[in-house]
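Worksheet: one structure, shown below.
What follows draws every value from the coordinates through simple rules; no lab data is involved. Not measured: the values here are computed from a predicted model. Neighbour counts are summed over all protein chains in view; Cβ atoms, including those assigned to glycine, are modelled from backbone coordinates with ideal geometry.
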Amino acid sequence: MNTLADRAARWSQRTLVTLIYVFLWLPILVVAVVSIDTSTFLRFPPQGFSLDPYRTVFSTPEFMTGLVSSLIIAAFTTVITLAVAICASLAFTRQSFRGSGAAQAFLTSPLLVPNIVLGLALLLLFSPLALNDTYTGLVLAHVVLCLPYAIRTISVSLSTVDVSGEDAARVLGASPWVTFRRVTLPLIRPGVIAGAVLSFLVSFDEAVVSLFLAGYNITPLPVTLLDHLETQAGPEVAALSVLLILFSLLAVLAVERALGLGRSLRTRS
Amino acid sequence: MTRTWRPPVAWGLLVPGLAVLLFAYAAPMLWVLRMAFNRFIGGGGIEITFTVDSFADVFTDPYYLRVAWTTVKLGLLVSVVTVIVAYPLSLFLVRTTSRFRGLLTILAIAPMLVSSVARTYGWMVVLGNQGLLNSVLKGLGLTDTPVQLANQFSGVVIALVQIFLPYAVLAMTSGFGRLDDTLEQAAASLGAGRITRFLRVTLPLTLPGVLTGLLLVFVLSISAYVTPRLIGGGRVFVLASEIYDQATNQLNWPLAAALSLVLVVVFGVAVTVFGLLQRRVERWVSGR
């Protein structure tokens, strides 16, 4: 019929969608451009080209101690989250019991609580217990934040794999542990990998809750970055941001390959 | 389902998870609730008692009322703008038959996992007085004096829209499941024009997804802390920044706790209102 109008509509839609993508990626690309600038304060376009900012990142002591703290916290958080999430997901997908829905809602509810409120809550309880500014306190807090993601990805995997292998193993006399270790775990590997990568990333990038629990002893990298941004937002901060962005994008690829990004992040399906 | 492998006791498997959450989530949240009714006695001292002083402070001081209003305004503005921007993108992603659909979906969602501190920094560069936007405007000769966007409410809105866009796209693309090409083709063959088709078929079918996106972004933006602090440059005060300031600088924990409860109540009201709206929309859509 009115092909000209159709074509106009299609092209205007394409332009609109392209503009939205530009808007979405603009701040991320701009950071990359600023990170190779020679000017020492915030301006655009860049004044010259240099890779010095990247060298500065690795020779700034606060960045390095922040990085080490964040890596330690993220590593412990990931391991504990996975163990806890695998147990809980097995209960939710392989057992029917009273209160299953309520327990599941409870374990995934931290996702709904504003981080600023959770951070305050943890500060108020953890400081009398001398748990703030300790690895124990930060890791516990991060496990709470990461559990919903890990339970989601592992449950998705558990409920989509074929259970006949597990049945066969049981019939042939394998103990529950052997069945889990030799049959279930290899099958749900994609969900476990996606859960691990997401947990590591959520913990590694967490700024708000950490801000409340950080102190003189432990300052995770996002908190250091936040402090730097307020005082001196030079190219070395951009370089550090670029490294964090690249790290996130690698994680995105890993999650996409393991389980699919949309499936992993959708909390209500 | 067939009989499956049964672990000994379901609740046994839940013990680690429940233990961690009771200690590092439920207990702290209840403790905040209790703290809001204690009395602040200056210099970080807190009297364990039962008083509504902190709430009285919040509701009588025009400053806190203004902060609460700024927070709600920010939430409403950011959620509406985000959903308007996310709508064409989500519609495109659901409908496209391009072989790059998978890649385009990842490109739309991936920024969600990029550190919000790093992305806020990007907006500081774009919106700053000597930033990208002002260089472009100056280069085009549109303005001589820099347009003030950083350190402003509007700058915070722009940055938050970009930061929450992937969340909205994720919520909306999964909510657009009922969208069916054949319905639109049927409407077209019955002589409905482009605009009628959109208003009478596409929009009603996508409305539930739009509402989910609105709620999600509203809830995320009223609790945003990093972006208002960095882009606001100490001039945009929201409940989140006030909570942090009272808790760590003034050491007025009861007031910080009371402000948190105000935030949680705003949150609860939003969830309830959207729940009711969602039900009405469902009835309206299925009633046609």
Handout entry: Diffusion constant of segment A:9-153 at 10 °C, which comes from Stokes-Einstein with the Kirkwood Cα-pair radius and 1.306 mPa s, µm²/s
Key = 81 µm²/s
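Considering every Cα-Cα pair within segment B:47-286, what fraction, in whole percent, is farther apart than 35 Å? Working shown, then result.
Working: 8025 of 28680 pairs.
Across segment B:47-286, Cα pairs with separations above 35 Å total 28 percent.
Pick out, in residue order, every one of the trypsin sites (Lys or Arg not before Pro) in segment A:139-208 that is DSSP loop and has at most 12 other C-beta atoms within 10 Å; say none if there are none.
Values: sites: A:Arg152, A:Arg170, A:Arg181, A:Arg182; in loops: none.
Listed in order of number, the matching sites amount to none.
How would the protein assembly as shown be classified by its alpha-carbon gyration tensor: rounded, prolate or oblate, with rounded meaning a/c under 1.5 and the a/b versus b/c comparison settling the rest? Display every interim value, and only then the final one.
Details: a/c = 1.35, a/b = 1.02, b/c = 1.32.
Cα axes put the protein assembly as shown in the rounded bin.
Just need the relative contact order of chain B here, percent rounded to a whole number, with Cα pairs under 8 Å and 6+ apart. Show your work: numbers first, answer last.
Working: 313 pairs, mean separation 77.9, N = 288.
Relative contact order of chain B: 27 percent.
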Practice task
Using only atoms on other chains, find how many Cβ atoms lie within 10 Å of each Cβ of peptide A:107-114 and report the average.
Solution key: 5
Practice task
Express the relative contact order of chain A as a whole percentage, based on alpha carbon pairs under 8 Å and six or more residues apart in sequence.
Solution key: 31 percent
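Apply the a/c threshold of 1.5 to the C-alpha gyration tensor of chain A and tell me whether it is rounded, prolate or oblate.
Values: a/c = 2.15, a/b = 1.28, b/c = 1.68.
Because a/c hits 1.5 or more and a/b fails to exceed b/c, chain A counts as oblate.
Order the peptides A:79-91, A:5-17, A:106-118 from the highest to the lowest mean number of other Cβ atoms within 10 Å of their residues. Working shown, then result.
Numbers: A:79-91: 22.8, A:5-17: 11.8, A:106-118: 20.5.
Final packing ranking: A:79-91, A:106-118, A:5-17.
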Practice task
Towards the positive end of the charge dipole of chain B, with charges on Cβ (+1 Lys, Arg; -1 Asp, Glu), say which of B:Pro111, B:Met35, B:Leu230 has the farthest Cα.
Solution key: B:Pro111
Problem - About the Cα centre, charge dipole magnitude for chain B (Lys/Arg +1, Asp/Glu -1 at Cβ), debye - result: 1080 debye
Fill in the blank from the handout: Per-residue average of other protein chain Cβ atoms inside 10 Å, peptide B:223-230 -> 5
Handout entry: Average other protein chain Cβ within 10 Å of Cβ, residues A:86-98
Key = 5
Problem - Rough spin-label spacing in nm, given labels placed 7 Å along Cα→Cβ, for B:Arg280 and A:Leu112 - result: 2.2 nm
Exercise for the section: Place a label point 7 angstrom from the Cα of A:Ser59 along the Cα-to-Cβ direction, then list the residues of segment A:218-244 whose backbone nitrogen is under 14 Å away. Expected result: A:236
Practice task
Just flag the chymotrypsin sites (Phe, Trp or Tyr not before Pro) in segment B:23-85 sitting in loop per DSSP whose Cβ has no more than 14 other Cβ atoms within 10 Å.
Solution key: B:Phe50
Problem - segment A:239-269-segment B:180-218 distance, computed between alpha-carbon centres (Å) - result: 31 Å
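Contact order normalised by length for segment A:26-177, with contacts defined as Cα pairs under 8 Å and 6 or more residues apart; what percent is it?
On the way: 91 pairs, mean separation 36.1, N = 152.
RCO, segment A:26-177: 24 percent.
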Exercise for the section: Find which of A:Thr78, A:Thr65, A:Ser50 sits farthest along the positive direction of the dipole of chain A, computed with +1 on the beta-carbon of Lys and Arg, -1 on that of Asp and Glu, about the Cα centre. Expected result: A:Thr78
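In deg cm²/dmol, rounded to 500, what helix-only [θ] at 222 nm does the protein assembly as shown give when every DSSP H run of at least 4 residues adds -39500 (n - 2.57) and the total is split over its residues? Numbers along the way, then the final one.
Values: 27 runs with 395 residues, N = 557.
The helix-only estimate for the protein assembly as shown comes to -23000 deg cm²/dmol at 222 nm.
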Handout entry: Per-residue ³J(HN,Hα) for segment B:134-145, Karplus 6.51 cos²θ - 1.76 cosθ + 1.60, θ = phi - 60°, Hz, x for Gly and Pro
Key = 5, 5, 5, 4, 5, x, 7, x, 7, 8, 9, 8
Fill in the blank from the handout: Helix A:221-231 sits off the longest principal axis of the Cα atoms of chain A, rounded to the nearest 10 on a 0 to 90 degree scale, by 20 degrees
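Tell me the trypsin sites (Lys or Arg not before Pro) within segment A:42-126 that lie in a loop according to DSSP and have at most 13 other beta-carbon atoms within 10 Å.
Values: sites: A:Arg43, A:Arg55, A:Arg94, A:Arg98; in loops: A:Arg43, A:Arg98.
Listed in order of number, the matching sites are A:Arg98.
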Fill in the blank from the handout: Quick note on A:Phe212, A:Phe247, ordering by fewest other C-beta atoms within 10 Å, gives A:Phe247, A:Phe212
Exercise for the section: May I ask you to derive the FRET efficiency for A:Thr3 and B:Ala186 from their Cβ-Cβ distance with R0 = 22 Å, giving the value to the nearest 0.05? Expected result: 0.65
Fill in the blank from the handout: Note, segment A:27-35: 3J(HN,Hα) by Karplus (6.51, -1.76, 1.60, θ = phi - 60°), whole Hz, Gly/Pro = x, goes x, 6, 5, 4, 4, 4, 5, 5, 5
Handout entry: Positive-end residue of B:Phe218, A:Leu123, B:Thr51, charge dipole of the protein assembly as shown with Cβ unit charges
Key = B:Phe218
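So if I place +1 on the C-beta of Lys and Arg and -1 on the C-beta of Asp and Glu, and nothing else carries charge, what would the dipole magnitude of the protein assembly as shown be about its Cα centre? I want it in debye, nearest 20.
Numbers: 37 positive and 25 negative charges, 443 e Å.
Here the size comes out at about 2120 debye.
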Fill in the blank from the handout: Taking Cα atoms only, helix B:153-175 is inclined relative to the longest principal axis of chain B by an angle, in degrees rounded to 10, of 60 degrees
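Among A:251-259, A:119-127, how do they line up by average Cβ neighbours within 10 Å per residue, starting with the highest? Can you show the working numbers first?
Numbers: A:251-259: 20.6, A:119-127: 24.7.
In descending order of packing, they fall as A:119-127, A:251-259.
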Practice task
Give the angle, between 0 and 90 degrees and rounded to the nearest 10, that separates the Cα long axis of helix B:62-95 from the longest principal axis of the Cα atoms of chain B.
Solution key: 20 degrees
Completion exercise
Amide H proximity to B:Ile46 below 5 Å, modelled H, separation 5+ or other chain, gives B:Ile41
Handout entry: Test item: Cα-centred dipole of segment A:61-265, Lys/Arg +1 and Asp/Glu -1 on Cβ, debye
Key = 960 debye
